[in-house]
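Data first, discussion second: the structure below is written as structure tokens.
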Amino acid sequence: MTTARTRPGVDRTALRVNQALIILFIVVGFVLNLPVLVMFVGAVMLIGTLVPQAALFQQFYRQVLRPAGLLRPDLHDEDPAPHRFAQGVGAGFLIAATLAFLLGANGLGWVLAAIVAVLAAVNLLFGFCAGCFVYFQLARAGLIRSSAS
């Protein structure tokens, strides 16, 4: 018996590539003192949140890494909404970091960017998505509407 797919699903390899590139660009930006890389990652994350098909880092995986045979899909039948929410929160932090850089508060900008990099690393290394956790808690409290409900 075949069951209809009820959710669009998630390729966790695409998420891991996204996380790795977020970390890479933020760390390189910090080491080279290039806040523009934080601004770039913030823009990539914001666009990817608003238009998931345009998520640049995930497109790099889908258009380059996967076809080259370097990585394989890790498909899971789960709701992508919590991951988009988490990415949107990260984008918000990086937009705030960008504003801090533009206002000359570089220390604050790097702290906000570091929060995003650390949380992306926790997700990449340990599989715990803090933004997803917040999403589920907000949905459970009835403060946001979960697409699973």
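Read-outs throughout are calculated quantities, based only on the coordinates presented, and are distinct from any laboratory measurement. As the structure is a prediction and not an experimental result, all values here were calculated from the model. Cβ atoms come from the backbone with ideal geometry, glycine included; neighbour counts cover every protein chain shown.
Provide the net charge surrounding Asn123, with neighbours chosen by a C-beta distance below 15 Å and charges set as Lys +1, Arg +1, Asp -1, Glu -1.
0
Highest mean first, how do 33-42, 62-71 rank when packing is the count of other Cβ atoms within 10 Å averaged over residues? Numbers along the way, then the final one.
Numbers: 33-42: 18.9, 62-71: 12.4.
Ranked by mean Cβ neighbours within 10 Å, highest first: 33-42, 62-71.
Specify the angular offset, from 0 to 90 degrees and rounded to the nearest 10, of the alpha carbon long axis of helix 12-31 from the longest principal axis of the alpha carbons in the chain.
0
For the chain, what are the per-bin percents of Cα-Cα distances with bins 5 Å wide, up to the bin holding the maximum?
Bin by bin from 0 Å, the calculated values are 2, 10, 17, 21, 19, 15, 9, 5, 2, 1, 0, 0, 0.
Hey, rough spin-label estimate for Ala114 and Ala68, points 7 angstrom out along Cα→Cβ, what's it come to in nanometres?
3.2
Points 7 angstrom from Cα along the Cβ direction at Glu78 and Leu103: gap in nanometres?
Those two pseudo-labels are separated by 3.5 nm.
How far is helix 35-50 tilted off the main Cα axis of the chain, in degrees rounded to 10, range 0 to 90?
Helix 35-50 sits at roughly 30 degrees to that axis.
So if each residue of separation counts as 0.36 nm, and I subtract the Cα-Cα distance between Gln59 and Val31, what length gain in nm does that give?
Result for the pair: 7.5 nm of gain on full extension.
Quick one: angle between helix 106-126 and the longest Cα principal axis of the chain, in degrees between 0 and 90, rounded to 10, please.
Computed tilt is about 30 degrees.
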